[in-house]
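**Student:** Below is a structure I'd like to ask you about.
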Amino acid sequence: MALAAGTKLGPYEITAPLGSGGMGEVYRARDARLSRDVAIKVLSASFSEDPERLRRFEQEARATGVLNHPNLLAVYDIGSHENAPYVVSELLEGETLRDRIGGTPLPTRKAIDFATQIARGLSAAHEKGIVHRDLKPENLFITRDGRLKILDFGLAKLTHGDALTDSETNTRGPAPGTDAGKVLGTVGYMSPEQVRAKPVDHRSDIFSFGSVLYEMLSGKRAFRGASAVETMNAILKEDPPDLTETNRSLPAALERIIGHCLEKNPEERFQSARDIAFDLEQLSGSATTQGALVPSEGRRLPRWRSVALALGAIGLAALTFVAGGRSVAVQSLPDFRPITFQRGDVGNARFAPDGKSIVYAAQWPGVGQNVYAAQPGSPESRSLDLKDAELVGISRAGELAVLLSHGAGPGQTLARLPMSGGAPRDVTEHVVGADWGPDGTSFAVVRSAGGKNIIEFPIGKPLYDAVYVDNVRVSPRGDLLAFSDHPVAGDNRGEVAIVDLSGQKRTLSTGWSDIRGLAWSPDGREIWFTATRAGIELNLWSVTPDGHERQVYRAPGNLRLQDSAPDGRILLTVGRSKPSLIGLAPGETKERDLSWLDWGWATDLAADGKTFLFGEQGDGAGPEYAVYVRGTDGSAPTLLGKGAAVALSPDGRSALVLNLTLPMHFALLPTGAGEARPLPHGTLAQLQWGAFFSDGKRIAFAGSEPGKATRLWVQDLGGGDPKPISAEGVTAGIGFGGSALSPDGSVIAATNDAGPALYPVADGEPQPIRGAEATDQPLRFSADGRFLYVRAFPRGPGARLPARIFRVDLAKGTRELWKELAPAGASSLGGISALVIAPDAGAYAYTYGEPTTTLYEVSGIQ
């Protein structure tokens, strides 16, 4: 029965009908609580008559509700109205892909764009274990701004189970634009395993994806017959008609992608939608360059058993030769040669001076960090037996420079040793980064002191200091040092800069939201670096000392530049990591996955442990980040606004966030109704950790003035500029631990070069925390203020799990183990970064990541 305007479905008020179909009706509705319009699909009453079907619907809808991706329809809620279940989703305006195709091919560039978006959405869903099972142009929607959304995830399984029978296909009706008795829409996109009524997994979606991509490029279905039975027979036994019948200029690489999707055997298809997106994104770069791709010459779709990584990419030169009396453009492709083959996390890597050997640091499953040497043509690497060492460079004479985790204070100890073996010899302490000078005897170092990073070259001669500096590399002539300069401690946004030997610093390239690798180009005329201005996909860029910037290489994935060789080769690590948010609710004994988007960061817990504050810093949140609150019971999160999450107010009505746009400043975001309120920042240029006093009227935080080191401050939320309460030299961070405010507001536990200390909020000198160790990082005081919870942080790249949390008795000066944290199923590669606990220690939340990277030697990039 149709619903009239004004009908209430829980908190939603129907405003207008949008359409109807075999599963029910769709309406526009208004959610007065959030002042937004939504779409409501009210399913037919037959669902409520079948308890098992209704249970499956609720299960699938809830599973779909955890998906949050730009290319997936967002599901907000489910409910029931007069025994008819309904699902609430975002309201879209635009047209379906079926409408856009309209029986004619799409432009190749547009088809690649849409296909890439579909692959990204599928990848996000498949990673959550959700399979669509009914991918077709009718279930793909293009918004007015060109965003493609996959509709009805999870509902397809409800409609027809794991496979369709002949009788079921005949009950679904003809696809839009077809007559009864001709090809049915769903049948034309089924995978062979669906036709055979076999169980399906995510690879069934990949087959359907290939059928959709074929149709975008040809305007016709890949598999079609006079009846549903003949169409299904074609799916099982035939290849689609040659695409060159309708599009002779189609890139051959695109044909290969489609052919690989449409393999009859699931084992021979692409094994993940992420891989498809990778190849399409590389292809999209070269598809914008006229004549950069070889046209297909009347071939049928090849039955590919594997797909090469090296498809076209931006920035590669096109070569031309004459064939058959005509000019054909051929892409000059880079050659990726893997150096590592195990699943693990590769750290820094460098070319050896012989021009052949490659030295790198890595951690493999069940094995701690070590340094290895690899030879060309061999898949085996030789261990150099430097456990828990971090490689930072190789001199022209073949000496290694490593950072070792011994000595007191911040940073690590720089040591040197011959590549052929021997005991490391200490050079200097408190180092967080280093590089050899071109003479093979001197060092450039980044030293940690007083809450700042100081670049020295040679050792003992300071050239530049800032909040956070890394990737320091000496030019081949030794006259310049290139580095990445970051305005926020622990955050990789920033700029590429150089400093000369007189200490004159120049900024060359700005606006990067993430910089994670830097080296001088093979010819020494440019600085090459891997970075992104939005999201988490890092690509290869270059900038000259006079500021001319260009993109060198573009590919999906998280690229990190490691080194370059004079002959043009470079070392790149390629990997992806999507951290998970894990939490334990009060009174529960089993942890729960609380992940939302693609890069969550736990930052605070309410006093009762039932609500936690977290930030998102990946592609889903954008370059300005996003702030959410969520129940530790797994209830849906609420988006508060932009910025980096910092702390929850004692009453839970507002969140302290850090706006990272310069000038950096704090702001208060309401968790309910209300407006955001920026806080005055005075002359401060750098802000870090923050916490509310128990009365909610003041905040304490760490920050620094221009050119000065970090200190502690207090700010009255009623007005006025912040006031310093400590000397310079305090270290703090957001989400990593490092600072805590006592319940009575009398002291702040923070760290300095000597280790953790208690800083009085009123007058007084900081006092070392008895019982705490030098590398302990304060997390939170107990509710009564008697204990301080600290995390024992291993120095350097050593053991990552479990995270060991201790409770320090402040009166007795004793330290006892409280808990060892490691999520279920975690491997030795994983690590816990952000960690927050409730005042009564009855609940906690943390960020867990398991990075996996592969090291490649790459040639052919210019």
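**Student:** Starting from 0.36 nm per residue, how many nanometres of slack lie between residue 824 and residue 770 once their C-alpha separation is accounted for? Intermediate results must be reported in sequence, preceding the final value.
**Tutor:** Values: separation 54, 0.36 × 54 = 19.44 nm, distance 3.37 nm.
Length gained, residue 824 through residue 770: 16.1 nm.
**Student:** Compute the label zone of residue 8 within the stretch 69-95: residues whose backbone N is under 17 Å from the point 7 Å along Cα-to-Cβ.
**Tutor:** The answer is 79-83.
**Student:** Per residue, how large is the accessible surface of the stretch 578-625? Use a 1.4 angstrom probe and give square angstrom. Provide the component values of the computation, followed by the final result.
**Tutor:** On the way: 1840 Å² over 48 residues.
Normalised by residue count, the accessible surface of the stretch 578-625 is 38 Å².
**Student:** Under the 0.36 nm per residue contour assumption, what length would be gained going from the current alpha-carbon distance of residue 661 and residue 608 to full extension? Present the calculation step by step, with values, prior to reporting the outcome.
**Tutor:** Working: separation 53, 0.36 × 53 = 19.08 nm, distance 3.27 nm.
Net length gain for the segment: 15.8 nm.
**Student:** Further question: So between residue 510 and residue 624, what do we pick up on full extension, going 0.36 nm a residue minus the alpha carbon distance? Don't skip to the answer; put the middle values down first.
**Tutor:** Working: separation 114, 0.36 × 114 = 41.04 nm, distance 1.52 nm.
Full extension from residue 510 to residue 624 adds 39.5 nm.
**Student:** Can you give me the % of accessible surface on the stretch 407-534 that is carbon or sulfur? Probe 1.4 Å, all protein chains present, nothing else counted.
**Tutor:** Numbers: 2250 of 4570 Å².
Ligands and nucleic acids excluded, carbon and sulfur give 49 percent.
**Student:** Further question: What nm value, rounded to one decimal, do you get for the distance between residue 677 and residue 502 when each label is placed 7 Å out toward the C-beta?
**Tutor:** Going by the 7 Å Cα→Cβ label model, 5.0 nm.
**Student:** Follow-up. For the stretch 666-768, which whole-number percentage of the solvent-accessible area (1.4 Å probe, protein heavy atoms only) is attributable to carbon and sulfur atoms? Kindly include the intermediate steps, with their values, before the conclusion.
**Tutor:** Working: 2290 of 4290 Å².
Carbon-and-sulfur percentage of accessible area, whole number: 53.
**Student:** Hey, another quick one. Hey, which aspartates and glutamates would be in cross-link range of residue 356, C-alpha to C-alpha under 14 Å, not counting anything within fewer than 8 residues on its own chain?
**Tutor:** 563, 567, 857
**Student:** Turning to a different aspect of this structure: Around residue 475, under 12 Å between beta carbons, what's the net of Lys plus Arg minus Asp minus Glu among the other residues?
**Tutor:** It works out to a net charge of -2.
**Student:** I'd like the distance separating the alpha-carbon centroids of the stretch 425-471 and the stretch 811-844, in whole Å.
**Tutor:** Answer, in whole Å: 33.
**Student:** With r defined as the distance between the Cβ atoms of residue 784 and residue 754 and R0 fixed at 25 Å, what FRET efficiency is calculated, to the nearest 0.05?
**Tutor:** Numbers: r = 27 Å, r/R0 = 1.09.
Here the calculated transfer efficiency is 0.40.
**Student:** Please tell me which of these pairs span more than 21 angstrom C-alpha to C-alpha: 128/149; 452/505; 110/149; 387/819; 642/708; 110/642? Don't jump to the answer; show the numbers that get you there.
**Tutor:** Details: 128/149 17 Å; 452/505 16 Å; 110/149 15 Å; 387/819 26 Å; 642/708 28 Å; 110/642 31 Å.
The pairs that break the limit, which is 21 Å between Cα atoms, are 387/819; 642/708; 110/642.
**Student:** How much accessible area per residue does the stretch 68-149 have, in Å², with a 1.4 Å probe? Intermediate values should be presented prior to the final figure.
**Tutor:** Values: 3220 Å² over 82 residues.
Result: 39 Å² of accessible area for each residue.
**Student:** Let me ask something additional. First measure r as the distance between the Cβ atoms of residue 859 and residue 367, then evaluate 1/(1 + (r/R0)^6) with R0 = 30 Å and state the FRET efficiency to the nearest 0.05. It would help to have the intermediate numbers written out before the result.
**Tutor:** Working: r = 30 Å, r/R0 = 0.99.
Approximately 0.50, to the nearest 0.05.
**Student:** Further question: So what is the relative contact order of the stretch 358-408, in percent, for Cα pairs below 8 Å that sit 6 or more residues apart? Let's see the in-between values first.
**Tutor:** On the way: 81 pairs, mean separation 13.2, N = 51.
Taking the mean separation of contacting Cα pairs over the length of the stretch 358-408, I get 26 percent.
**Student:** Also: Give me the distance in nm between label points sitting 7 Å out from Cα along the Cα-to-Cβ direction at residue 441 and residue 396, one decimal.
**Tutor:** 1.2
**Student:** Can you compute the modelled spin-label distance between residue 95 and residue 814, with each label point 7 Å from Cα toward Cβ, in nm?
**Tutor:** Here the answer is 7.5 nm between the modelled labels.
**Student:** With a 1.4 Å probe and all protein chains left in place, how much accessible area per residue does the stretch 213-265 have, in Å²? Intermediate values should be presented prior to the final figure.
**Tutor:** Working: 1830 Å² over 53 residues.
Dividing the accessible area of the stretch 213-265 by its residue count gives 34 Å².
**Student:** Looking at the stretch 523-630, which trypsin sites (Lys or Arg not before Pro) are in a loop (DSSP not H, G, I, E or B) and have at most 16 other Cβ atoms within 10 Å?
**Tutor:** Working: sites: 525, 533, 550, 554, 560, 569, 576, 590, 592, 610, 630; in loops: 525, 533, 554, 569, 590, 610.
Qualifying residues, ordered by number: 525, 533, 590.
**Student:** Okay, moving on. Using a 1.4 angstrom probe on heavy atoms only, work out the carbon and sulfur share of the accessible area of the stretch 558-653 in %.
**Tutor:** Numbers: 1700 of 3580 Å².
Percent of accessible area from carbon and sulfur atoms in the stretch 558-653: 47.
The values are calculated or read from the model by the stated rules, or taken from the named source; none is laboratory data. The shown structure was predicted, so the numbers you read here are calculated from the model rather than taken from an experiment. Note: ideal-geometry Cβ built from the backbone for every residue, glycine included; neighbour counts use all protein chains shown. To get the accessible areas, we keep the full protein, side chains included, count just its heavy atoms, and leave off ligands, DNA and RNA. Shrake-Rupley method; radii C 1.70, N 1.55, O 1.52, S 1.80 Å.
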